[in-house]
Amino acid sequence: MTESGKPILYSYFRSSCSWRVRIALALKGIDYETVPVNLIKDGGQQFSKEFLALNPMKQVPALKIDGITVGQSLAIIEYLEETRPTPRLLPPDPKKKVLVRMISDLITSGIQPLQNLSVLKQVGQENQLTWAQKAITSGFNALEQILQSTAGKYCVGDEVSMADLCLVPQVANAERFKVDLTPYPTISRINKSLLALEAFQVSHPCRQPDTPPELRA
């Protein structure tokens, strides 16, 4: 926390994990300060001694709040949900809640890590695009099928949930890696609806303090 009592979010504008948390903070109306951590500059600022003390996993996001520092985006979102429950991001019905968590985990464990920067570095420059496309397509094939049975206006019914916070950044990743979204009409429809909401707009990578001028919108 800062002297003003504001939470501090350690974030990188393009990080989909950071974006999930920025959406949650925006939806819940939580005022916070951003400390940018550039994952590319200087060999990656996440590897600095200063950041290592905050998050031994050397990953963004990290959130300083209520006297603690929390890493891992879903853990952060769940903490915000438990301490600042309005508006809710997890439905009260256990069956709907488990669907939200299942979809969230599918994206955050089954898709995004496979096309993350640290993994792409291992597969070699010439293989990165093909690798990322395969990882995202494989996950989206499953996700589209699941959403056809769970979705209303959004991923699970007609209320924005934690699953939606995971979906939008992952679709942005898919677009960045030139994945053809034509086979995924449900994913595309939900994504379009969510991007019309203010919380998804103000948290967008093109509108962050560390967004390069050429990527601002």
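The values are calculated or read from the model by the stated rules, or taken from the named source; none is laboratory data. Keep in mind that this is a model prediction, so the values were computed, not measured. In this analysis, Cβ positions are derived from the backbone assuming ideal geometry, glycine residues included, and neighbour counts consider all displayed protein chains. Note: areas computed on protein heavy atoms with side chains; ligands, DNA, RNA excluded. Shrake-Rupley method; radii C 1.70, N 1.55, O 1.52, S 1.80 Å.
General observations
- Reachable lysines, given that their alpha-carbon falls under 16 Å from the alpha-carbon of Lys192 and they are not under 8 places away in the same chain: Lys153
- Area of Ser118 that stays accessible when all protein chains are in place (1.4 Å probe, Å², to 10): 70 Å²
- Using a probe of 1.4 angstrom and keeping all protein chains present, the accessible surface of region 1-142 works out to 52 square angstrom per residue.
- Comparing Thr69, Thr83, Thr150 in a Gaussian network model of the chain where C-alpha atoms under 10 Å apart are linked, the largest mean-square fluctuation is found at Thr83.
- Given Lys6/Lys96; Lys28/Lys96; Lys64/Lys134, the pairs whose alpha carbons are separated by over 25 Å: Lys6/Lys96; Lys64/Lys134
- Restricting the calculation to alpha carbons of the chain gives Rg and Dmax of 16.8, 49 angstrom.
- Under 21 Å from Lys41, Cα to Cα: lysines that are on another chain or at least 8 residues apart: Lys49, Lys58, Lys121
- Between Lys153 and Leu117, the FRET efficiency estimated from the beta carbon spacing at R0 = 25 angstrom works out to 0.15.
- Accessible area per residue (1.4 Å probe, heavy atoms of protein chains only) ranks Met162, Met57 as Met57, Met162, with the largest value leading.
- Evaluating 6.51 cos²θ - 1.76 cosθ + 1.60 at θ = phi - 60° for every residue in region 159-176, the Karplus couplings come out as 10, 5, 9, 4, 4, 5, 5, 7, 5, 4, x, 6, 5, 4, 4, 4, 5, 5 Hz, glycine and proline recorded as x.
- A helix-only calculation puts the chain at -15500 deg cm²/dmol for mean residue ellipticity at 222 nm, using -39500 (n - 2.57) for each DSSP H run of at least four residues, averaged over all residues.
- Given charges at Cβ of Lys, Arg, Asp, Glu: the chain dipole, positive-most of Phe13, Ala172, Gly67: Ala172
- Ranked packing of 208-215, 58-65, most packed first, by mean Cβ within 10 Å: 58-65, 208-215
- Our Cα-only numbers for region 6-135 put the radius of gyration and Dmax at 15.9, 47 Å.
- Label-point separation, Glu126 to Glu82 (7 Å along Cα→Cβ), nm: 4.9 nm
- The order of Asp42, Asp180 by accessible area, most exposed first and with a 1.4 Å probe, is Asp42, Asp180.
- The Stokes-Einstein estimate for region 147-217, based on a Kirkwood radius over Cα pairs and taken at 4 °C with 1.567 mPa s viscosity, is a diffusion coefficient of 100 µm²/s.
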